[in-house]
Amino acid sequence: MVSNLIKSVKHNIQEFSLIPKSVFVEFQDIYKDEIKYRKNTNKVESITKFSQKTGTKIKVIKYDYFDDSKIKSIDEFDENSGKIIRTTNFTLFKAVTEYDIESGKKLRTLNYHYRDENRLSSIHEYNLQYEKVCKITVFRNDGKSISMIKELNPKTEMIEKCISYKRDSNTISSVSKYDFDGNKTVKTTMYYNGLRFNKMKDIKKSVLSDFKPLSVAEKIKKDKLIDNLFKNGLSFSMLS
């Protein structure tokens, strides 16, 4: 029995020796990172990373001119097409720009609070045809609740509508429309009372004609309240 066991071990050793050594070599990157240094210095200007599957560029990390330990921006690319899909900028504050993978044009930019990169400050959405901002969503200091949404004409870059929300809610407080007569801007504002939405998609489905504006009597009361606040030196934020 012992002799059979020894024969089996010898056989296994022989079989093992026939396996190519390359199988047992630890995995190594086929495509190495490309490091670019600033001219006549040892400071890193950028690092380019490549897909180990396709060999295409997937990320470019750019560093601060004066301090190469700080990242200035990161460009990310689609692994298959090689087209840019996202840019994260850290120059003044964190801002993430997303691109349309087909055209390479900007889709939207998420701007974060300059003191807290986890809190949204605003979102700029772009019109692909004109490649200009068509919508701006402004957030309150918590980075979650919306303060207002501005809709712009992407051709003229002029604001056409502004929707304001009550503090800490999805309740619309007013909708202002802007019409332009030559160089003159005509603003019409409608105030709303108690209109609440649970989801942002519900706002898009709504029609202005379904809203219930304040009555004349309620409008007069609100105007008087505002006058009293200013006369008594109280905070205007008490209205929200």
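The values are calculated or read from the model by the stated rules, or taken from the named source; none is laboratory data. Everything numeric here is computed off the predicted structure, so don't read it as measured data. Here the Cβ is made from the backbone with ideal geometry for all residues, glycine too, and neighbour counts use every protein chain on show.
Structural remarks
- Checking residue 160 against (1) within 26 Å of residue 128 (Cβ to Cβ); (2) modelled with pLDDT under 90; (3) of a type in the set (Asp, Glu), the condition it does not meet: (2)
- Sub-9 Å Cβ pairs linking a first residue in segment 33-58 that is at negative phi and part of a loop (DSSP other than H, G, I, E, B) to a second residue that is surrounded by fewer than 16 Cβ atoms within 10 Å (Cβ to Cβ) and of a type in the set (Asp, Glu), at least 6 apart or interchain, are 43/67; 52/29, ordered by first then second residue.
- Subset tally (residues that are buried (at least 17 other Cβ atoms within 10 Å of the Cβ), closer than 18 Å to residue 39 by Cβ, modelled with pLDDT of 90 or more and charged (D, E, K, R)) for segment 51-71: 1
- Meets criteria (surrounded by 12 or more Cβ atoms within 10 Å (Cβ to Cβ) and at pLDDT below 95) for residue 117: yes
- The strands (runs of 3 or more DSSP E) found entirely in segment 121-192 that carry 2 or more residues being within 23 Å of the chain's Cα centre (by Cα) and of a type outside the set (Lys, Arg) are 132-139, 146-152, 159-165.
- Residue check, residue 102 charged (D, E, K, R) and not in a strand (DSSP E or B): yes
- Residues that are modelled with pLDDT of 90 or more, outside any helix (DSSP H, G or I), surrounded by 15 or more Cβ atoms within 10 Å (Cβ to Cβ) and in contact with a strand residue (DSSP E or B) (Cβ under 6 Å, 6 or more places away or on another chain) are absent from segment 194-215.
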